[in-house]
Each structure stands twice: as structure tokens, then as C-alpha cells.
1. Please determine, by comparing only the residues of the stretch 213-232 that are under 15 Å from the mean Cα position of the chain (by Cα) and hydroxyl-bearing (Ser, Thr, Tyr), which one is nearest to the ligand (Cβ to nearest atom).
2. Give 174, 187 a once-over and let me know the one that is in contact (Cβ under 8 Å) with a residue 60 or more places away in the chain and either surrounded by 14 or more Cβ atoms within 10 Å (Cβ to Cβ) or of a type in the set (Val, Ile, Thr) (or both).
3. Going through the stretch 98-122 one residue at a time, which ones are closer than 18 Å to residue 228 by Cα, buried (at least 22 other Cβ atoms within 10 Å of the Cβ) and in contact (Cβ under 8 Å) with a residue 40 or more places away in the chain?
4. Assess whether residue 298 counts as being assigned to a strand (DSSP E or B) and either at pLDDT 95 or above or out of contact with any His (no Cβ under 9 Å at 6 or more places or on another chain) (or both).
5. Would you say residue 266 is in a strand (DSSP E or B) and free of Cβ contacts under 8 Å to residues at least 40 places away in the same chain?
6. In the stretch 194-207, what residues are surrounded by 15 or more Cβ atoms within 10 Å (Cβ to Cβ), part of a loop (DSSP other than H, G, I, E, B) and away from the ligand (no atom under 12 Å from the Cβ)?
7. Going by what's in this entry, would residue 210 be described as under 21 Å from residue 317 (Cα atoms), within 23 Å of the chain's Cα centre (by Cα) and either modelled with pLDDT of 95 or more or surrounded by fewer than 20 Cβ atoms within 10 Å (Cβ to Cβ) (or both)?
8. Give 236, 274, 241 a once-over and let me know the one that is in contact (Cβ under 8 Å) with a residue 60 or more places away in the chain and more than 16 Å from the ligand (Cβ to nearest atom).
Amino acid sequence: MRIIIVGFGNLGRGICRAFIGKADFFKKAYGLIPKVVAVADECGAAVDENGLDLPRLLKTAESHGTVAKYPGGRRGKLALDLIEEVSADLVFELTPTNIKTGEPGLTHIKRAMQSGKHVITSNKGPLVVAFKELDSMARKQGVEFRYSASVGGAVPVIGLAKKLLCGNEILEIRGVLNGTTNYILSRMSAEGVPQEMIIQEAQELGLAEKDPTLDIDGIDTACKITILANSVLGIDAKLSDVKVTGIRRVTPDATRLAQEAGQTIKLVGTARRDLLEVSPKLVPQGHPLAVSGTLNAVTFKLDLAGEISITGFGAGPKETSSSLLGDLIDVHRTLGG
Ligand code: HSE
């Protein structure tokens, strides 16, 4: 499969590392041979119609901060040109999230679909701004569109809901969907330190959004609730439909009192037909949502199965590549591979 990667930060590099490390496995298990023919980052692009040398590409990006220094690489804003001109089957759109306009990811995804390429993305921006439009464009263009990595990182929230639980009516989804705030709340509760002291640590762990207020104020969780409402519950929801309260007003004292009462404070996102909400909630210790540190957790309430919960790492390049590669193999299978 011929692949273009747009956005070569932690996630793009994480995928390439997985392609290198798991090449034999992909070939043996799925007959899948991923060939990365073009990569674009903020500064430029590297292209090789015969397939880029991935170890060399990674080395170039790590030592020069851009793939433009790869032999024959080009400088300039080239992502749209690559998407339109390079012969490829699939585009990974992995640029940073912009929840106001969805750009540049939104245009990248539309152009890829318009030029007949399948799309896999982790980018919440385009999904929050234009889920319905992208979903119907993919159908109209006859291309596959996957976005598992946009919610839950490595935790297969969307795949579980859309595939394995599809015989159920999903009555409610509740989740701890933001690793940064969960890390902050866990540390506050364990050590009694105020959140301002921990925010920087969360940034250093590579968890927090570029603008960490998106995490703290619950907006990142609200984006994920919006994506779940659209993709899993089939509601044409906008980010502005989600009632959001972040964790700014949660104090170390509050976390201590909760603990003494056998509870824990979590930033919980809820998606139901009659309610889209994000707010700090008391969760009993031992409940599946009472996960600590950087973990995410989701509980589905279902008409047949009752409650099903999953947990795992909600961020991180290696962990998130699990969802991106799962989507790739799923597309490969759907296409008859
Ligand atoms: N900032 C997000 C988090 C990253 O902390 O969970 C994953 O979407």
C-alpha cells in the first residue's frame, strides 16, 4: 500500500518506527506491505515514488527538525501538492488539532478524498468542525475514512463501539478521556499539591495539548465527546452542544475529602442522546472509571450487554500508533487485502 504522511511530529514518527519494527509481521499476518512514498511537515517534504528509506527519514527529521533535509527533499508548504500529485492509496493526516477551523487538517482530508485517496487521521479538529461533511464526502468519493486514534489514544473506543458492540443500542458513553487532567488530578489527590505545579510536568510528558488550557478547561474531552456523539451515537452534534466544566476549580482539599469518603474526582465526559457534558465528577474508588495517572477509561451502557468498560493509554506516540495501524489494517482488509 502506497502511503503519504502529512504531519511528522511524534505520531508520524511513531508510525514509521512501527513500520520498520513490524514489517515482517504485517507481511506475514496480513500480506500488507506499507510503502511510505511521501512525507510532509511544517517546513517541507520528502518524496520517493519507490518508497522512502524510513530509518534515514527518521534520522533526518530528528537531527534537522524537518524531513525537507532528506536527500532530494523540498522546502515550502507542500502538503496539498503531495496529496494531489503523488500517486498513493492512503493519506495519514497527523497535523496538530485546531478546533476553531479544523485547518490545515480539514483541507488536507478533503483534498485526499477528492483525489480518491483513503484517509486515516488522529486530528480532532476536522472531525469536530466537519464530521458529517467528511463522512458523506468519503462515501461519495468511495474512499475509506478512519479516525480511531482521535479518541482514547490506544484505547479502542470507536472500534469497539462501531464494530464489536454493533448489535447493541448504545444508551450512554461515559469516559475519562483526557490523560493530562487525569494525571493532574491523580497527583493532586496523592500528594496534595496544587494543579499549577503539575501542569508543566504533564507537558514534559508529551501528553498535554500545545495549549494546555484545552486540557484543563475540558475542551479536549468535549472534542472527544463530540466525535463519539457523531461517529458512535449518530448525533449531528457540534462542540458548542457540549456543556463543559474543566478542572480549574478542583482543589487539593477537594481531592483529599473525596478520597476520605471512598471516592475520587475525575473529569468525566458523558454522551447520551439527551446529554453531552464534560465535568468533574465523584467516581467511587474501584469503579472502572477510577483509573489513575495518564490512563483513559470508558464505560458503555448498552441495552443487551449491560455495562462494558475498557481502559488503557490515551496518548503517546507508540501507544497511539496502535490505533493508527489498526485503522490501516482495517482499511487493507476492507479493500480485500
Ligand atoms: N492532550 C490529550 C490528553 C492528548 O491529555 O489526553 C490525547 O488526545
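1. By that ranking, first place goes to 221.
2. 174
3. Of everything in the stretch 98-122, those that are closer than 18 Å to residue 228 by Cα, buried (at least 22 other Cβ atoms within 10 Å of the Cβ) and in contact (Cβ under 8 Å) with a residue 40 or more places away in the chain turn out to be 120, 122.
4. yes
5. no
6. Of everything in the stretch 194-207, just one residue is surrounded by 15 or more Cβ atoms within 10 Å (Cβ to Cβ), part of a loop (DSSP other than H, G, I, E, B) and away from the ligand (no atom under 12 Å from the Cβ), namely 195.
7. Numbers: under 21 Å from residue 317 (Cα atoms): yes; within 23 Å of the chain's Cα centre (by Cα): yes; either modelled with pLDDT of 95 or more or surrounded by fewer than 20 Cβ atoms within 10 Å (Cβ to Cβ) (or both): yes.
In short, yes.
8. From the options 236, 274, 241, the qualifying one is 236.
The values are calculated or read from the model by the stated rules, or taken from the named source; none is laboratory data. These figures come from a predicted structure and were not determined experimentally. With ideal geometry, Cβ positions are generated from the backbone for all residues, glycine too; neighbour counts draw on all protein chains shown.
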